[in-house]
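The values are calculated or read from the model by the stated rules, or taken from the named source; none is laboratory data. What you see is a predicted model, and the numbers here were worked out from it, not measured in a lab. Here the Cβ positions follow ideal geometry from the backbone for every residue, glycine too, while neighbour counts run over all protein chains shown. Ligands, DNA and RNA are stripped out before the accessible areas are found, and what is left, the full protein with its side chains, is counted by its heavy atoms. Shrake-Rupley method; radii C 1.70, N 1.55, O 1.52, S 1.80 Å.
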Amino acid sequence: MPGIVKSPTDAPPPRLTIPNTPTQRTESTTTPIIKTSSPIPKKPPSPSPSRSKKKNPETPTSNPVHSESSLDNPDLGPFLLKVARDTIASGEGPTKALDYAIRASKSFERCAVDGEPSLDLAMSLHVLAAIYCSLGRFEEAVPVLERAIQVPDVDRGADHALAAFSGYMQLGDTFSMLGQVDKSISCYDHGLQIQIQALGETDPRVGETCRYLAEANVQAMQFDKAEELCKKTLEIHRAHSEPASLEEAADRRLMALICEAKGDYESALEHLVLASMAMIANGQDNEVASIDVSIGNIYMSLCRFDEAIFSYQKALTVFKSSKGENHPSVASVFVRLADLYHRTGKLRESKSYCENALRIYSKPVPGTTSEEIAGGLTEVSAIFESVEEPEEALKLLQKAMKLLEDKPGQQSTIAGIEARMGVMYYMTGRYEDARSSFESAVTKLRTSGERKSAFFGVVLNQMGLACVQLFKIDEAAELFEEARGILEQECGPCHQDTLGVYSNLAATYDAMGRVGDAIEILEYVLKLREEKLGIANPDFEDEKRRLAELLKEAGKTRDRKAKSLENLIDPNSRRTKKEGGKKWPGLGFRI
């Protein structure tokens, strides 16, 4: 999603691995994706020593492996599948293995008995899709996996159920790498239902899948669904594990993240304290330090700054001693301290911690991922943005996006960065660049299935404001209308973001000459404020005055004189160039 909530482990997207056996047993599965050890590297065997010495591969009959007629041999499919796995294990690369896997699937397809589902065919398709993914050809893996999930018959026992479950989870992972979050979660849901049907609702493996799906929902910002799944995971682990187990600690950390995202900071703190106690009991010092950082975040949200500093300093001491002073974990704590000191008005200390963090990110230690660096740069940019240094913030966001642009599965994160870059461009008066940046973010969010999220509605509103500055009024109206529909659904009509869109849309309708529509919206907003929100908000008087002006003008018989669009949106917006980057006060625009 893009960029607001991270997975509790900050782990990269799951990597598809190739199974070792054509049929997996239920007892060997403990995670929602196919995970098995790699076979021992060895040279791929030749089907015939005498044939392998010939140098005429173009002759179809020179090698039975490459003969179309040989695909009808029932022994060829298992052999080709083994060759494909051995080719990858030997280090020859997935490209050569791809041909073997394709032919293996064709052989299993030909040899399958009509009306009888072939688990060998399903497994060969899983392997083929995994090879496509390892080559970065995720779009080609999708139809292969869609065919694979149609092969097993879940009513025929655990083996078929497991094959169908594995196919759905692998397809979900592939959609995730393509940034299609909604399709990904749908596949995980199907996989979970099949697993529950085969194993029962309290099996520990079901708990692992519930947790996996909860993390996916967190990344998609579906926090209610994530909370429901995480509670189920906790119940299963408590039933099958010792008290204060590592599994329970991991579940509580995820639950704390969900509670924090929902604004329930006290519950989040309770889960983190219990998770910390479990990690201490199991001697996991680094994990305890990571939890201390999360506890510090909660304290900062509760404005308990002294306690937050204590938690951050505890974590910093552990990270420096265990991972080194230049580790990205140390930099992440520096960023949190920089944010804290900025909030408390200690700008010198805040800047110093920012510089220390950037020093580490500029020269990362071996093993540091691009995602870690990009995440850190994005967080530092937020601090520069808050101290009104948009140019510096923009440079950091550009670096972060460059690190992620070639990484699969990062579309939502890149969209979030582009949206923030759009805000920076807007603040510096570069409205055309702002519109382009917002447009790119909107396109990615539509593709990734986040078109119904509140964040998507906010980005549409921001893009609309950029269009207003470029005098693209019709386009702005369309964006505000779409943002209104989304925010009404996700946040409700009384939310500040929704009210801001109402005001923007009324001003735009006024500029288009649709006075009646503008009056209708402003009357609705004033009614909401009077009946539900109160009239103490300073925006109330501004909206009341604007409505009175519109009502007065609507009573005139002659065409009214066109007003400046800038004044229509905010009559008090005549400012110097330096002040022009600030938000328009009457609109609720959050940048």
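Subtracting the Cα-Cα distance of GLN284 and GLU520 from 0.36 nm times their residue separation leaves 78.9 nm of extension gain. The listed residues ARG304, ARG359, ARG252 rank as ARG359, ARG304, ARG252 when sorted by accessible area, largest first, using a 1.4 Å probe. Only alpha carbons enter this Debye calculation for the stretch 389-524, each as an equal point scatterer, and the log10 of I(q)/I(0) it gives at q = 0.19 Å⁻¹ is -1.06. Between ALA112 and LYS346, the contour length at 0.36 nm per residue exceeds the alpha carbon distance by 77.1 nm.
Taking the accessible area of the stretch 219-346, probe 1.4 Å, and keeping the other protein chains in place, the carbon and sulfur fraction comes to 47%.
When the surface is traced with a 1.4 Å probe over the full set of protein chains, LYS314 keeps roughly 90 Å² accessible. On the basis of the beta-carbon distance and an R0 of 56 Å, GLU541 and LEU135 show a calculated FRET efficiency of 0.35. The relative contact order of the stretch 207-262 comes to 37 percent, based on Cα pairs under 8 Å that sit 6 or more residues apart. Across the protein chains, with a 1.4 Å probe defining accessible surface, the residues SER350, SER362 rank SER362, SER350 from largest area downward.
For the stretch 352-479, the per residue solvent-accessible surface stands at 42 Å², with DNA, RNA and ligands left out and a 1.4 Å probe. Please give, to one decimal in nm, the separation of the simple spin-label points placed at SER386 and LYS363, each 7 Å out from Cα toward the Cβ. In this crude spin-label approximation the distance works out to 2.9 nm.
Taking 0.36 nm per residue of sequence separation and removing the Cα-Cα distance, the GLN150/ASN73 pair yields an extension gain of 25.4 nm.
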